[in-house]
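Beneath this line is the structure, given in structure tokens, with notes to follow.
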Amino acid sequence: MSTTCVGIDPGKTGALAAFRDGEPVEWTPMPLAGKEVDWHAVTAWLRDLGEVKLVALEKVHSMPKQGVSSTFKFGINYGGLQAVLAALEIPCQLVTPQAWKKRVLAGTEKDKAAAIAHCRRRWPSVSLLATERCRTPHDGIADALCIAQLAWEMSR
């Protein structure tokens, strides 16, 4: 039986990525309905994966000098993802950016460019473009793939 694990980079510019048996099988920018996360689409995406052994969700917090409104919206997204996972009864492990970068991006700068480079090296057939019209890699997809890799490693 195959094992599926998921990595989530929360937020409107984040992404979802799934690994099955150690390889990326699905990835998408965070589904949006207008300017908000589309919770129905997130739920459907997770359900369509079938049984998920583990989700690694990037543990986030407010940042100094971040606006009250943006912090509130970000908190809603973060809590909403936790609620969807709880409702679907999918085990979730919160991982800090420092933790997943230390493990997955060992020996690199541990920034967005390093995550993109890691994904391009490790999975050259995976498109990091949000849409066919995009020309620059979506760093949320790269981060979600790296977090999914960590989820896969943690599930072993």
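The values are calculated or read from the model by the stated rules, or taken from the named source; none is laboratory data. Treat the numbers as computed from the prediction; the structure is a model and nothing was measured. With ideal geometry, Cβ positions are generated from the backbone for all residues, glycine too; neighbour counts draw on all protein chains shown.
Numerical summary
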item: Identity of the residue in segment 110-136, assigned to a loop (DSSP other than H, G, I, E, B) and in contact with a Cys (Cβ under 8 Å, 6 or more places away or on another chain), that ends up farthest from K59 (Cα to Cα); result: V126
item: Residue match in segment 8-20 (condition: at pLDDT below 95, surrounded by 13 or more Cβ atoms within 10 Å (Cβ to Cβ) and not basic (K, R)); result: yes
item: Residues of segment 4-50 classified as closer than 19 Å to P91 by Cβ, in a loop (DSSP other than H, G, I, E, B) and of a type in the set (A, V, I, L, M, F, W, C), total; result: 1
item: Residue that is nearest to M1 (Cα to Cα) [pool: residues in segment 51-109 that are hydroxyl-bearing (S, T, Y) and in a helix (DSSP H, G or I)]; result: Y78
item: Members of segment 61-82 found to be of a type in the set (A, V, I, L, M) and over 19 Å from W39 (Cα atoms), listed by number; result: M63, V68
item: Pairs, first under 13 Å from A144 (Cα atoms) and surrounded by 13 or more Cβ atoms within 10 Å (Cβ to Cβ) in segment 98-113, second at pLDDT below 95 and of a type outside the set (V, I, T), C-beta under 6 Å, six or more apart; result: K101/K110
item: Looking only at segment 31-72, and only at residues there that are charged (D, E, K, R) and touching a residue at least 40 places away in the same chain (Cβ under 8 Å), the one that is nearest to L150 (Cα to Cα); result: E58
item: Looking only at segment 114-156, and only at residues there that are acidic (D, E) and either under 25 Å from Q93 (Cα atoms) or in contact with a strand residue (DSSP E or B) (Cβ under 7 Å, 6 or more places away or on another chain) (or both), the one that is surrounded by the fewest Cβ atoms within 10 Å (Cβ to Cβ); result: E153
